[in-house]
Structure formats: C-alpha cells, structure tokens
Amino acid sequence: MTSNQLRKKFLDFFQKKQHTLVFSDTLIPADESLLFTSAGMNQFKPYFLGEKKDISRATSCQKCLRTGDLDNVGKTAYHHTFFEMLGNFSFGDYFKKEAIEFAWEFLTKELKIKEEDLWVSVYKDDEEAYDIWKDRIGIPVDKIVKLGEESNFWPASAPTLGPNGPCGPCSEIFFDRGGSVGCKKPSCNPDCSCGRFVEVWNLVFTQFNRIGKNKLEPLPQKNIDTGMGLERIVSVLQNKKSNFEIDILAPVVKEVNSLVVKSSCPNTQSAINAIADHARAATFAIADGVFPSNEDRGYVIRKIIRKALQHSRLLGNKEPFIYKIPGLLAELMGEQYPEVSQKKDTISKIIRAEEERYFLTVKEGESYLNEFKEELSKLGHNTITGKDVFRFYDTYGVDLDFIKTYVEVNNLKLATKWFDDFTNLLKEQKERSRKKSMFDEDIFKEKEFSIDEETDFIGYEKTEITANILRLFSVKDKLSTKGQERKELKNGEEGLVVTDATPFYAEAGGQLTDKGVIETDTGKFSVSKAFKADNAVLHKGKVIEGIVRKGKAKLMVDEKRRRALARSHTATHLLQASLRKVLGEHVIQQGSLVDEDEFRFDFTHFGKLNNEEKRRIEELVKEFITNGDKVEKKELSLEEAKEKGALAFFKDKYQNIVRVVSVSDYSSELCGGTHVDNTSEIRDFYIESESSISSGIRRIRALVADKAVSARESGKQKERISKDKKDINQLDVGQLASVLAEKIESETKGKIENIKGINFLSYLEKSNLSSSKDQQRVAYRASDIIQEKLGPLFFFLVINMGDKNMFICSSAGIDKGANCKKFIADFGKELSLMGGGNPAIASGVVSNIDSNFFDKVKEALNKFLKQ
C-alpha cells in the first residue's frame, strides 16, 4: 500500500464514522504560543476548549514540524523533523470505548494487520481502558502493558510535574516486528527500546483538569485526541525496517546519495537520511511561507538547512545541492500538498540563496578561526574559551557545530566550561536585545488586554456613525492588570473607549490605525489609536473637552488620514502585482507598514534590484494608476478565494469567509484593509529606496500622491545639480552616504552590543574613492543616517583607503558619558588614533589595525564609561 493510498483510506474510514474531514493546517499555527504546528490537535484547540462547537468529530492528516529530536534524526529509524500525523478527534462526543474500537477496526480490518502482531499499552491506573482492550477487543492480558505517567500520560508526567490544565491518560498501539529483531529477550515488550516494537498509534483520553500535584478533577467535556504517524504505519505496511525506506522518502534518500557522497564515513547512511529529512522539512516550511532568517521560525529553518549542509560537508560536499530536491518532493507529495508543486521553483531559489550564504559563512569562518589559531599558537596556547566561541558565533556568524568540528580537526581544545560560559553570554545578549525591542510597559498592550464585548466594524461603508459607549477605562493606573474601569473620563484624562460599533479601522495587516474623534453630549475624546482585543475594538486617546460617559456617542474618523492610508494600501497591491510581473512569481509579500501616502513593502527576492528593474516596476505601477481601474472588494469563502488565485499574506490566519480586494485582472489579494475605489485616486507612485533586510527578503520604501510628486521633483533637481559639478564617481555625497548606510545596516543586523547602557556598533569599509576629503564627507553623512536608523549609538566606523585608514566616531549618548572627543583624547594613543572633533562626532586616522582592533575599541569604551 502506498502512502497516498494509506492517507486516503484513513480519512475515508473516519468520514464513514461521521467525522468531518478537516484539511491540514499550515505549519504556522494560529496559536501564537507555538512556533510550528507540531501535532494534529493544534488546529482544534478552540474545540477542545469548548470555544467552538460547530463540529463534534473530526479527522485530518496534518503536516507537522518538530525540532526537539533534531540530533536524533537519521540515527534512528523513525525520528523526523517534518512528518505527517493522521488523527481522529472527538470534542465531547465519543470517548474511550469508541476510540479504541475505531483504532482496532482500522488496523485489523481496513489495513489487515494480523491481531497477533499488535500489542497495546495503557496508563497503570486506567482500569477503564485496560478492561476495554481485554474484554471488548479481546487482547490477551500478556499483550497489554501497564506503564507509568512518564510514558502513558499526556502531557508526560503531568500528574506529578504538571503543568496545570487539561490532561489525561494514553493508550498506545504497537506493531511487533518479531522475536528475531532487537534485544531478542523472551521478556521483551513495548516498554523496551530495542527496536522490536514500533509505536504506530497513540490514543489520548483528555478527561482531567490538573489543579496541583497529583490533584486531578474530571473535565465537564471529555475529548479524544489521537495521532498515528503516517511514515511509521507505512513502514509497517511496506515491510520496511526504516521510515527512510518507504515510497515517499526512499527516492529522496537516493537523490541525496547521488548529489552529496564524495567520501564515506562510519555514519554515512544516517547522515544521508538526516539530509533527506531536513530537505523535506525546509521545503514544506518555505512552501508555507517560513523563510530562513535570524529570527523565530526563520531561524529554525535556517538551522535545519545548515544542519543538512554540515552533514554533507562531512561527506566531502562543498557546494549547494538541497535546492535540487523540492522538485522531486513535488512529484512525490504534490498530489496531497499542491502548494509544494505550485511553489517548487521559488522554494529552490530560496534554498539555494541560503546554501550560498552558508558556504560563504563557512569560508569566512575558517578565515577568522585560522587567524585566531595563529594568535593562540604565538601565545603558546591551544584552548578556545566560551567567550571566544561566543565572539565567533555572535560577531562572525560561525555556528557551534562548525566550531566544534574545526577544533577537532585542528588539534585544538575547548575549555572545560566553555558551553556554560557561551550559554550565559548568549542569554545576556538576548536579554539586551529583548529590552531594546520592548514596547512601552503600558498595561494596555493589545495582546494583554482581554474583554468580553463585541464591536461591529462598519468602517468600510461609513466614516461617521452614532454608536453606544459600553465601557471606559483609565490608562494612568498601571497597578491593575485590567486597568481602571470608570463610569466617566474627565478632561485631560487618557483612556480607552469601547463601543458596540465603530468606523475606526483597528491597526492590522500592516495598515496603521485610523484617528479621529468621539463626541458625546458632555464631552469630546480624541482617538489616537484603535486596536482589537478579542472581538472588541478599543479606542485609545485622551479627553480634550468636558466629560465622556457611557451612552450615545458620535464616532468620526479623520477622513483625510483615511484617504491617505487607503491610497497607500491599494498601492501596495499594485506594487506586488508589478514586482511579480517584472521579477517573477516567486515574489511573495513578507510584511508591510502602511502610513499616510507612504509605505514599506517586504518581499521575497534573491538579489538587489538594478536601476532598470526599479524603473520598470515604478512605471508599471504608474501605468496601473493611469488606467483608472476599479478596485473591487468582495466577500468569498476561503476555498473560493483560493480557487480564484487570490494571494494571501502567509502570517495571517483567515476565517471561512474572507474579503478579497481585486484590481482588473492583475491583482487579487485576501485583505481586510481600507482601499480606494479607483486606482486613479492614488495619483502618483515613487520608489524611494530598495534594500535587503535578510537573506532572500528585500524591502521597498515608496511614496504616493503629492509625496511622490515632491520626491520625484527633488530627485530630478539632485540629478541636475550633479551634472553641473565634478562630484564623486558621478554621485553626490547624500547618495553615496545612503548606499554606505544601507550596506552597514544590512551587514550588521543584530550585531549591536550594549556596553554600560550605551549601544555600540563598529564597521570596517573599504573605500573606492580617491579623495580622503570626499570620503570623510560621505562617512560623516553615513554616520548620521545610521544614527537615525539604528540609534542612538556609539558608532565607530573605519574606512580603509589603500595605504591608510580613516576613522569616524559618532555618538548619540553624550548625556550618558559617551563623548567622542574625550574618548579619542583618553584612548587615542592606546588605539593608535590621531584626530579630534566634538563630543558628538570626531574623525582622524588609524595608524595600526589588526584583527582584534574593534575588540580593543570595545574594551576601551568599557573602560572609558567606567571613569
């Protein structure tokens, strides 16, 4: 039986048992507490909690991604990062008896597995399940194994260790591969890990609510959550010793073998298996919109790809190859998961870009490590400390596995507690980053505020309505987790207003919030922001006149701002259509920020746009605007919208009924934002800048309407000026500085360090200019731009000009003691600096630079700030 046949047979079986077929969710779960969809039950959480009740039985085949056992993948027959989980679920409907009977019927009748080849386990105190297996199913008692809470309870060891909340005993079904497999002991049973018994199905009986250690209360709604790994059951049916030998994985293993094996090692097969698994995981993750990056889900996918490449390097491979595998996976699994077939070319391009980035990092890492090795040798040492490892990891992007391999190959040693020291430094760095990226600590952060009321949004049709104020909150009291609810808000008070209906668009989908005014008979409230909490819209602002009380009110949106936001939002749709037409259909939106007549738009692409591409993209958007095309907004079912080819933003989760915004035959997107009625209302479009924000992700900043007209005229004026003067390499200082600042921002992302409360950043640039005076002007302006973009910073820039090095010291922390002029005076000799300036910016020359120069600058700043 093939994997496709098994998948269909399972789903058909449970549909006949009155289960609703629910298609696989994406690998990006709606539950924001989860990084990836890791189990079949994830998408059914609202049903398990009783929040949704439109179905009582469900069945699915869910694609899952887990990284907890990443190091075991390939080493065992059954571990994976990506896998498919077959499941059937009951939400307060049937319970243990039916769940057990369904499972047994499917395995023995539908799949025709011999009863004597199956064993089961139950939780040691679950006599109900034990009796069902023994009396109703008729399994011999010597084939029913009672296990403890660490093995047969969900979550594992929940009664003793927690967490509090819904939990319950499990019953697992095992396939016995025979006494000739594994430890061969007569006493061997499913509790043995020798490999003889294959766990194929886990039945979870969620019946308790844990309220403390070994304190379990019955749940009012008892649920069933089952999971059967598709790859495992297929390996049983196809009589394979390993999941990697089944029909949907064996061809991938064979392809990997042909692509990477240049030499053999003791673990060649496990390495090949791991690579095949990781290639599949990366392919499916990217198909669902998770692109390799340095943050969150993207970091996990980058790690998985790099893990595969590390395995391949041990086999002698030194070039990209994973990008060749998505096409094969599309052939093997595209029938069930069409997104892989539809996006295979894009997936390959993204993976190839990531592979090239990795091999460049390896090359640079080897160079850094070789230099460090020479320095250690001169000092008579061969030990690398945790601090050294952290510097290579954090500053140069060299991963830990590469460092460990390098140490082993080059007869070096790692210090005894290197990993503890490395981990502590990493925690400190993450904490600094967390504090740097924190929003204000207002108790009314949107995600922390929960409210029962519902607000009807009618802002698509009207910008002024009469509604009822339901609740009022003051925001000055930060002691209460719910804020201070009030009967009224007085003049000058900041607060939140909840109404039963609103025309105010709550910030979402990248579009900034509407602003405006709420008026009552007794007062006026200025709305600075609208945001959603559950199903309510909260209007945040300040009373600017009189007193605001509950009751009737007039809500009025600032129409000028609304029109400007609508122009920008529709322009993002036109830009995406233009990008896909000029660059290719691999372009997919990754994020946006829509402001008044200006916006930024992040998208997938693998290289910098050249001037001709930018010109064509800009001209095409302007053509769309000139055409005066109608912008249509319709509500459709999610299924119908996808069938019509509407693009969806991968981070968003959609309801069954969605809003589709379409323009002629060139743009159709799922979007809840506000839009113009005709493209001509946008009037003009201008690309202000284009840059890289991470591997494979680009960002365009653009202007529309009068802002676009002004920017274009300003650009033309700069061009006229530049023609009349002998400027630098045909570019003015501002343009060169912008280019340099963009490069610095791109290449130092994440590299800012905090020293005594001052953010520190350093950078080395090789100059192409012949005039040091011109270079100094460019460097000064670039430093200003960096301060605007990343600041406030203590920024130390070194420009290499052939036989000499120039430095620029720029500080936005003078009030905290980071004085550039004094720093150079105090540490100039120690750092071989000659120059001067003022407290905010200073410059000069560096007479001596070695590989540790910037570390010396950092150490000097640390000493300087202690003074």
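Annotations for the structure displayed:
- Number of the condition not met by L219 [criteria: (1) surrounded by fewer than 19 Cβ atoms within 10 Å (Cβ to Cβ); (2) without any contact (Cβ under 8 Å) to a residue 40 or more places away in the chain]: (2)
- When L764, L797, L769 are checked against the criterion of being aliphatic (A, V, I, L, M) and in a loop (DSSP other than H, G, I, E, B), a single residue qualifies: L769.
- Any chance V621 is in contact with a Gly (Cβ under 9 Å, 6 or more places away or on another chain), more than 30 Å from Y323 (Cα to Cα), among the aliphatic types (A, V, I, L, M) and in contact (Cβ under 8 Å) with a residue 60 or more places away in the chain: no
- Residues (out of contact with any helix residue (DSSP H, G or I) (no Cβ under 7 Å at 6 or more places or on another chain) and assigned to a helix (DSSP H, G or I)) located in the stretch 211-244: V236
- Residue match in the stretch 186-194 (condition: under 27 Å from G92 (Cβ atoms) and either modelled with pLDDT under 95 or outside any helix (DSSP H, G or I) (or both)): no
- Failed item, numbered, when Y78 is tested on (1) crowded, with 21+ Cβ neighbours inside 10 Å; (2) at pLDDT below 95: (1)
- Qualifying residue in the stretch 3-23 (condition: under 23 Å from the mean Cα position of the chain (by Cα) and under 21 Å from L329 (Cβ atoms)): yes
- Selection within the stretch 484-517 - farther than 30 Å from Q590 by Cα, in a loop (DSSP other than H, G, I, E, B) and either in the same structural domain as A566 (by TED's automatic domain parsing) or basic (K, R) (or both): K487
- Test for F14: is it under 25 Å from Q238 (Cα atoms) and buried (at least 19 other Cβ atoms within 10 Å of the Cβ): yes
- All positions within the stretch 737-778 that are over 24 Å from G607 (Cβ atoms), under 28 Å from the mean Cα position of the chain (by Cα) and not aliphatic (A, V, I, L, M): E753, N754, N759, F760, S762
- Residue pairs meeting the criteria (Cβ under 8 Å; at least 6 apart or on separate chains; first closer than 17 Å to K630 by Cα, in the stretch 677-690; second among the charged types (D, E, K, R) and part of a helix (DSSP H, G or I)): E681/R563; E681/R567; I682/R567; R683/R567; R683/D706; D684/K622; D684/D706; D684/R712
- Cross-chain or 6+ apart pairs with Cβ under 9 Å, the stretch 759-773 first and more than 16 Å from A741 (Cα to Cα), then part of a loop (DSSP other than H, G, I, E, B) and of a type in the set (K, R): S772/K804
- Tally, over the stretch 48-59, of residues that are at pLDDT below 90 and either surrounded by 15 or more Cβ atoms within 10 Å (Cβ to Cβ) or among the β-branched types (V, I, T) (or both): 1
- Yes/no for T405 being over 26 Å from the mean Cα position of the chain (by Cα), modelled with pLDDT of 90 or more and of a type in the set (S, T, Y): no
- Some residue of the stretch 153-174 being assigned to a strand (DSSP E or B), in contact with a Gly (Cβ under 9 Å, 6 or more places away or on another chain) and among the hydrophobic types (A, V, I, L, M, F, W, C): yes
- Residues in the stretch 335-365 that are surrounded by 17 or more Cβ atoms within 10 Å (Cβ to Cβ) and not in a helix (DSSP H, G or I): Q336, Y337, K343.
- Residues satisfying the criterion are absent from the stretch 314-322 (criterion: assigned to a helix (DSSP H, G or I), of a type in the set (K, R), surrounded by fewer than 19 Cβ atoms within 10 Å (Cβ to Cβ) and touching a residue at least 40 places away in the same chain (Cβ under 8 Å)).
- Among residues of the stretch 596-615, those that are surrounded by fewer than 16 Cβ atoms within 10 Å (Cβ to Cβ) and closer than 17 Å to D684 by Cβ, counted: 1
- Index of the failed condition, L426 passing every other in (1) over 21 Å from the mean Cα position of the chain (by Cα); (2) farther than 30 Å from V22 by Cα: (1)
- Test result for K490, touching a residue at least 24 places away in the same chain (Cβ under 8 Å), surrounded by fewer than 16 Cβ atoms within 10 Å (Cβ to Cβ) and under 20 Å from T455 (Cβ atoms): no
- Helices (runs of 4 or more DSSP H) contained in the stretch 554-644 and holding at least 2 residues under 19 Å from I697 (Cα atoms): 559-582, 611-627
- Enumeration of residues in the stretch 62-118 that are among the aromatic types (F, W, Y), touching a Phe, Trp or Tyr at 6+ places or on another chain (Cβ under 7 Å) and either closer than 17 Å to I233 by Cβ or not assigned by TED's automatic domain parsing to the domain that holds K8 (or both): F82, F106
- Any hit, the stretch 835-850, residues being within 38 Å of the chain's Cα centre (by Cα), surrounded by 15 or more Cβ atoms within 10 Å (Cβ to Cβ), within 22 Å of N862 (Cβ to Cβ) and not hydrophobic (A, V, I, L, M, F, W, C): no
- Which numbered condition G182 misses (of (1) within 30 Å of V253 (Cβ to Cβ); (2) touching a residue at least 24 places away in the same chain (Cβ under 8 Å); (3) surrounded by fewer than 20 Cβ atoms within 10 Å (Cβ to Cβ); (4) in contact with a Gly (Cβ under 8 Å, 6 or more places away or on another chain)): (2)
- Search result, residues across the stretch 807-821 that are crowded, with 16+ Cβ neighbours inside 10 Å and either outside any loop (DSSP other than H, G, I, E, B) or of a type in the set (K, R) (or both): F807, I808, C809, S810, S811, I814, C820, K821
- Complete set of residues in the stretch 666-709 that are at positive phi, crowded, with 20+ Cβ neighbours inside 10 Å and assigned to a loop (DSSP other than H, G, I, E, B): G696
- Test: residue in the stretch 130-150 that is loosely packed, with under 13 Cβ neighbours inside 10 Å, assigned to a loop (DSSP other than H, G, I, E, B) and at pLDDT 95 or above: yes
The values are calculated or read from the model by the stated rules, or taken from the named source; none is laboratory data. From a predicted model like this one, the values you see are computed outputs, not experimental measurements. Methodologically, a virtual Cβ is constructed for each residue, glycine included, from the backbone with ideal geometry; neighbour enumeration extends over all protein chains shown.
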